[in-house]
Each structure stands twice: as structure tokens, then as C-alpha cells.
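The values are calculated or read from the model by the stated rules, or taken from the named source; none is laboratory data. Computed from a prediction, not measured in an experiment: that's the story for all the values here. Here Cβ is always computed from backbone atoms with ideal geometry, including for glycine, and neighbour counts include all displayed protein chains. These area figures cover heavy atoms from the full protein model, side chains too; ligands, DNA and RNA do not enter into them. Shrake-Rupley method; radii C 1.70, N 1.55, O 1.52, S 1.80 Å.
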Amino acid sequence: MGSDRFSTTARLKAMGQEAQARVYRAAAARRPARRNRLTGRAALLALVLCALVIALAYPMRQYIAQRSDIADQRREAQQARQKVEQLREQKARWQDPEYVRTQARTQLHYVMPGENGYSVASPAPTGGSSGTRHKSAGSPGDGGGQAAAAAHRPWYTNLWDGVDHADAAALPRQ
């Protein structure tokens, strides 16, 4: 009987496990199936939102660019108004005969009748060993033309011209 007892216990245990499996399957069948998180409505909503973003991106960029252009135009208009005001003030100054006289004396070196005018000229530098004189880039005779031309050339051109002039000054003239 002892062996019957173990077989009955083993059978009861096996029956319990089968019952437990059936209960688990029945409970799983009663639970609703897990649905996919992305439903058709959600996909449609995402598609509509993407379409709206794409459709509105270009007009929004244009709107922002136009607002920037408007701000630039307003700033330029303000600067133009300031320039006009400065020119009106300058025009009013030029209407005054005393201002015109002062400008003529300082800029054009005019002298009133009975006054003595003086002009100071800087002496031209002497050149090299040959004793010849060369005009400098800013001497009174050339009107500053060489200096203005040298200012607009690249630096290496001016350097090379300096080397050429130095070589020419060192050579004896025949």
C-alpha cells in the first residue's frame, strides 16, 4: 500500500498541475488581446501633423524673412532721415556768409584784402650718392597722386617698387 500512496500523490500532483495550466489558459483567453500601440487613428493623426508642419514650414520662413527685411528697411529709413537732417543743418550753415568766409580761408587758403598770407612748404629730401633730387610720394609738386596710387596697390608691389628705386639710385648715371 505504500507504493499506492506515492502513486496517488503523484497522480494528484499531476492532476493539480494540469488543472492549474487549464485555469491559466482560460484566464488568458478571457483577457483582451494586447493591441498594438499605434492605431489607425494615431497613424492618421501623425500623418496630418507631418503634412501641416511641411505645409507651414516655407510660409513661416518667408514670414520671418519678410519681417527681417521690414526691420532693415525701417533702420535704413531712419538713417536716411538723420542724413537729411544733417544735410539741412549743413545747408543752413552755408547760408551764413561768415561760415562761408571761414571755410574759404581754411580750406582754400584765401586771404582778405590787406592781409599777408604765408605758405610753408617742406623741403624735398636729397637722394643717394649721385646728388640728384627725387620727388617723394607726398611732395607738393605731384599733388599726392603717387601716394594715393601707392595706397591702393598691394603691399608687395610697393615693396618691390622700393627695391627697384633703391637699385636705380645706387647705379651711377651716365
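Every condition in (1) open to solvent by 90 Å² or more (accessible area, probe 1.4 Å); (2) of a type outside the set (A, V, I, L, M, F, W, C); (3) modelled with pLDDT of 85 or more is met by Arg25 except one, and the failing one is (3). Across segment 54-74, not a single residue is classified as touching a strand residue (DSSP E or B) at 6+ places or on another chain (Cβ under 6 Å) and either part of a loop (DSSP other than H, G, I, E, B) or loosely packed, with under 10 Cβ neighbours inside 10 Å (or both).
Are there any pairs with C-beta distances below 8 angstrom linking a residue in segment 87-115 that is free of Cβ contacts under 8 Å to residues at least 60 places away in the same chain to a residue that is hydroxyl-bearing (Ser, Thr, Tyr), with the two at least 6 apart or on different chains, and if so which? Pairs found: Arg93/Tyr99; Ala104/Tyr110; His109/Ser119.
In segment 39-53, the qualifying residues are those that are β-branched (Val, Ile, Thr) and over 31 Å from the mean Cα position of the chain (by Cα), and the one that is most open to solvent (accessible area, probe 1.4 Å) is Val48.
Could you list all residues from segment 88-105 that are open to solvent by 90 Å² or more (accessible area, probe 1.4 Å) and in a helix (DSSP H, G or I)? Arg88, Glu89, Lys91, Arg93, Trp94, Glu98, Arg101, Arg105, listed by residue number.
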